[in-house]
Amino acid sequence: MKIGIITFCFSKENYGQVLQNFALQTYLQSLGHETFTICYDGDRDFDSIFARIKYLLSNFNPLKIYRFFIPRLLNKRAIGDIRQFSDFKTKYIPNKTDVYRTYTALCKNPPRADAYIAGSDQIWNYHLFKKYAVKNNYRTFMLDFGSDSIKRISYAASWGITSLSKKYTKTLSSLISKFYAVSVREKSGNKICERLGRNDAETVPDPTMLLDVCIYEKIIEENVSIEKRDKFLFLYILGENKGFDIKKVYDFAHSKNIKVVYVTDLSNVDKWEKTYPTIPEWLWYIKNADYVVTNSFHCSVFSILFQKHFGVIALGKKRKSLNTRVDELFALQGIESRYITEENFEVLEKEYLPTYFGNDWLKNVLFKIQE
């Protein structure tokens, strides 16, 4: 079958976001399907002319201006595609559509396919969408375009939330009812689907866990020439890290007489030296680290795949609900919680044995479609 995948695909900093796209595509191709990525860039896909005006007026907010420019001035090295995400996508995710800037354009000229798959990552977390483009964004990521004859499937779509806003319930119920099959990444997502009338939703692993680890090792071998000499702790922080003192990580590394390789994104401005690896290099750092400390779901996944000593910094405040992703990852793997605190890094030394990889849900769904 010809299958179009829609997911987040424009990040220049989020390694897991790109790798989950690669993994789902690669898995589908291993089943004999033809795949392509539907490129939707909906940051400014405004829901109405009034939403556009509100957006333009909001840009005059001094605090927003400050938050936009200061990180860029202090992290000049990180501006642009220094991590070469575009090169990785050209090489490993080559099949894609032209960029759709609006939901309307996608409806007028939808890509031809036998099936559309929404997933993975937090594509159903409407809190991630800019408030001026929420409706167009969630209609797109819930596959409200294309011919009715096209089968619509979600694979490991994450809501990224534990409760649903009433104002979206009616519309989302209508959209999800059109899906041939629904799967989500977290069990909490099943409850949301049930509220929307889908009692048949399944919980499945992230697509990065559908591939054998040797595939990621091959990517490393083909692209990385780094030689490991000194022991190191790999510190990967995704998004702003508030409420955790990074110095404590450096203190732990110092106690072990090892260095820290620190990777983060543009929003984090601090005094510590940073590294901006390519995607293959990012995988190399996880595979070769003596310890991994992260607040990232996908970095946790790859730490498990590469069998590393790792610990997770829990997210706080407005992002606290996202810890559910990691809680359920631990449960899926049958391992104890591996959260660390500023006072306690003991979990980094604990051994663990994952018990679960892979899943045939998507394979079975596609087989039924072809019968």
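The values are calculated or read from the model by the stated rules, or taken from the named source; none is laboratory data. Model, not experiment: these values are computed from the prediction. Note: ideal-geometry Cβ built from the backbone for every residue, glycine included; neighbour counts use all protein chains shown. Ligands, DNA and RNA are stripped out before the accessible areas are found, and what is left, the full protein with its side chains, is counted by its heavy atoms. Shrake-Rupley method; radii C 1.70, N 1.55, O 1.52, S 1.80 Å.
Against the 2.2 N^0.38 Å scaling, with N counting residues, where does region 226-332 land? I'd like the Cα-based Rg ratio to two decimal places.
1.03
Of all accessible surface on the chain at a 1.4 Å probe, what whole percent is carbon and sulfur?
The computed percentage sits at 49.
Taking R0 as 22 Å, what's the FRET efficiency between Lys368 and Ser149 from their Cβ-Cβ distance, rounded to 0.05? Kindly include the intermediate steps, with their values, before the conclusion.
Numbers: r = 16 Å, r/R0 = 0.73.
Plugging the Cβ-Cβ distance into 1/(1 + (r/R0)^6) gives 0.85.
Straight distance only, please: which lysines reach the Cα of Lys218 with their own Cα at less than 21 Å, same-chain residues fewer than 8 apart left out?
Lys89, Lys91, Lys228, Lys287, Lys308
In terms of modelled amide H atoms, which long-range or inter-chain residues lie less than 5 Å from the amide H of Thr203?
HN-HN under 5 Å from Thr203: Val184.
Can you pull the Kirkwood radius for the chain, inverse mean 1/r over Cα pairs, to one decimal in Å?
Across the chain, the inverse of the average 1/r is 21.6 Å.
Could you name the aspartates and glutamates in cross-link range of Lys187, using Cα to Cα under 20 Å and dropping any fewer than eight places away on the same chain?
Asp121, Asp200, Glu202, Asp206, Asp327, Glu328, Glu336, Asp360
Take each of the peptides 177-186, 118-127, average the number of other beta-carbon atoms within 10 Å over its residues, and list them starting from the highest.
Details: 177-186: 21.1, 118-127: 23.3.
Put in order of decreasing packing, that is 118-127, 177-186.
At a Cα cut-off below 18 Å, give the aspartates and glutamates reachable from Lys108, other chains included and same-chain residues fewer than 8 away excluded.
Asp41, Asp45, Asp47, Asp98, Asp144, Asp148
Can you give the three extents of the C-alpha atoms in region 300-371 along their principal axes, from longest to shortest, in whole Å?
57, 31, 16
Once both axes come from the Cα atoms, what is the angle between helix 279-288 and the longest principal axis of the chain, in degrees from 0 to 90, rounded to 10?
Value to nearest ten degrees: 50.
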